[in-house]
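Undergrad: Sending over a structure as structure tokens; questions will come in a sec.
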Amino acid sequence: MTTSINSALKITLPVLFGYIPMGMAFGLLLADQGYAWYWATLMGVFIFAGAAQFMAVGLLAAHAGMFEVAMTTLLLNSRHIFYGLSLIHNLKAKGWRRFYVIFGLTDETYSLLTAHHASRSFTNPTNQNDNDEGQFQFIITALNQSYWVIGCTVGALLGSIITFDTTGLDFTLPALFMVLVIEQYKATKKVFPFAIALVCAVSTLVLFDSSSMLLISITLTLALLLGTQQLQTKGIMK
Amino acid sequence: MGNTLYIILFILTMGLATLATRAAPFILFSKQGEHPLLVFLGRYLPPAIMLLLLIYCVKDVNWFVDKGGVNEIIALSVVVVAHLLFRNALVSILLGTGLYMALKQGVFSLF
């Protein structure tokens, strides 16, 4: 048990160095909106999703309705649906631990779990106990979430104690999407999804007012993607 | 008090929606029966959505006025270069955001 915690600490160290400053940035932004520090903690505990929480700051400020919150979150995290495929057979945790690992599957937890599983099967194929592996996956997820919650809380506390010039801190969100665009391109090696999105976004911005951009452009994108799929299955387009 | 109820509902809604997307592959794909349309959307909707969200974030920049958008272009370029070099998402984001904050807060005009 102690040895698995020690090795989990070592594996999750890069996540620690990322989650603490990212969580702090989120906490500072939320505190800047006038929310008490514990709301940042609660969001880290119950939501535990970087992009969604940064998006939440804007949605809270706009006093968005629950339908909009749910739709935005579903679309924002839609990338998880495909990531999870690689883990279906490798998720060894059982019972409530399994539920917790699925709840805590952030981008970073996914990449640690998949990378760790791959390296373990190579280096140590005989000593592969599913129970130990499941326990280990649970510890990794819990450590990652504790780093995130600490970051969120510390940032919010700092923001409520001292005044901090947060001008430009909200750039974390476009920076995150830029990174995700690159990662998605590396994963799919296809240009057409981006071309469709670009056309839909620009035409929506030109034709409609910019506040309703997201829902309209997503609907258009979905329609064009479905059209592309139909053309591909009929063999008209490669 | 109304605001407290609102934020509690907000956190629950966002938490459940996030959980839904994380649990979806384990529910939808755990057995066979992967519908080709679902697989297609699962693969190609996320890249499109990520670009839409990126554009959504920078749509309110005054692109054609004065020096509008220069800071954004510089900082996003740094994110791209950093990500292609190190491929560490958190490093790329923090570098780009740090630079953007410095640009916005006029740190460089002191020199």
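Undergrad: Would you point out which residue out of B:Ile11, B:Ile7, B:Ile49 is without any contact (Cβ under 8 Å) to a residue 24 or more places away in the chain, within 29 Å of A:Ala223 (Cα to Cα) and in a helix (DSSP H, G or I)?
TA: B:Ile49
Undergrad: From the list A:Leu198, A:Leu180, A:Leu173, A:Leu158, exactly one residue is over 22 Å from B:Ala89 (Cβ atoms), part of a helix (DSSP H, G or I) and at the interface with chain B (Cβ under 7 Å from one of its Cβ atoms). Which is it? First the steps, then the outcome.
TA: Working: A:Leu180 fails: over 22 Å from B:Ala89 (Cβ atoms); A:Leu173 fails: over 22 Å from B:Ala89 (Cβ atoms); A:Leu158 fails: at the interface with chain B (Cβ under 7 Å from one of its Cβ atoms).
It is A:Leu198.
Undergrad: With the condition kept exactly as written, say whether any residue in region B:28-39 is at the interface with chain A (Cβ under 7 Å from one of its Cβ atoms), at pLDDT 85 or above and in a helix (DSSP H, G or I).
TA: No: zero hits.
Undergrad: Using the structure shown, decide if A:Leu112 is part of a helix (DSSP H, G or I), in contact with a Pro (Cβ under 9 Å, 6 or more places away or on another chain), more than 10 Å from chain B (Cβ to nearest Cβ) and at pLDDT below 90. Spell out how you get there, then give the answer.
TA: On the way: part of a helix (DSSP H, G or I): yes; in contact with a Pro (Cβ under 9 Å, 6 or more places away or on another chain): yes; more than 10 Å from chain B (Cβ to nearest Cβ): yes; at pLDDT below 90: yes.
Yes; evaluated as a whole, the condition is true for this residue.
Undergrad: Here is a follow-up. Restricting to region B:59-86, and then to whatever is facing another protein chain (nearest Cβ under 9 Å) and at pLDDT below 90, can you tell me which residue is surrounded by the most Cβ atoms within 10 Å (Cβ to Cβ)?
TA: B:Lys59
Undergrad: Just need a number here: residues in region B:87-111 that are in a loop (DSSP other than H, G, I, E, B) and within 7 Å of another protein chain (Cβ to nearest Cβ). Show your work before the answer.
TA: First pass over region B:87-111, keeping only residues in a loop (DSSP other than H, G, I, E, B): B:87-88, B:105-106, B:111.
Subset that is within 7 Å of another protein chain (Cβ to nearest Cβ): B:105.
Count: 1.
Undergrad: Assuming B:Arg22 fulfils every condition listed in (1) more than 7 Å from chain A (Cβ to nearest Cβ); (2) within 25 Å of A:Gly58 (Cα to Cα); (3) among the basic types (Lys, Arg) apart from one, which condition is it?
TA: (1) is the only condition that B:Arg22 fails.
Undergrad: Let me ask something additional. Given (1) more than 26 Å from B:Tyr56 (Cα to Cα); (2) over 19 Å from the mean Cα position of the chain (by Cα), identify the lone condition not met by A:Ile196.
TA: Going through (1) more than 26 Å from B:Tyr56 (Cα to Cα); (2) over 19 Å from the mean Cα position of the chain (by Cα) one by one, A:Ile196 breaks only (1).
Conditions (1) surrounded by 21 or more Cβ atoms within 10 Å (Cβ to Cβ); (2) at the interface with chain B (Cβ under 7 Å from one of its Cβ atoms); (3) not polar (S, T, N, Q), marked per residue:
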{"position": "A:Leu59", "(1), (2), (3)": "no, no, yes"}
{"position": "A:Glu68", "(1), (2), (3)": "no, no, yes"}
{"position": "A:Thr72", "(1), (2), (3)": "yes, no, no"}
{"position": "A:Ile81", "(1), (2), (3)": "yes, yes, yes"}
{"position": "A:Ile88", "(1), (2), (3)": "no, yes, yes"}
{"position": "A:Lys92", "(1), (2), (3)": "yes, no, yes"}
{"position": "A:Phe99", "(1), (2), (3)": "no, no, yes"}
{"position": "A:Phe103", "(1), (2), (3)": "no, yes, yes"}
{"position": "A:Thr106", "(1), (2), (3)": "yes, no, no"}
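Undergrad: Just one of (1) at pLDDT below 90; (2) part of a helix (DSSP H, G or I); (3) farther than 17 Å from A:Leu16 by Cα; (4) within 14 Å of chain B (Cβ to nearest Cβ) trips up A:Glu133, so point out which.
TA: For A:Glu133, the failing item is (4).
The values are calculated or read from the model by the stated rules, or taken from the named source; none is laboratory data. Bear in mind that the values here come from a model prediction, so they are computed numbers and not experimental data. All Cβ positions, glycine included, derive from the backbone under ideal geometry; neighbour counts span all protein chains shown.
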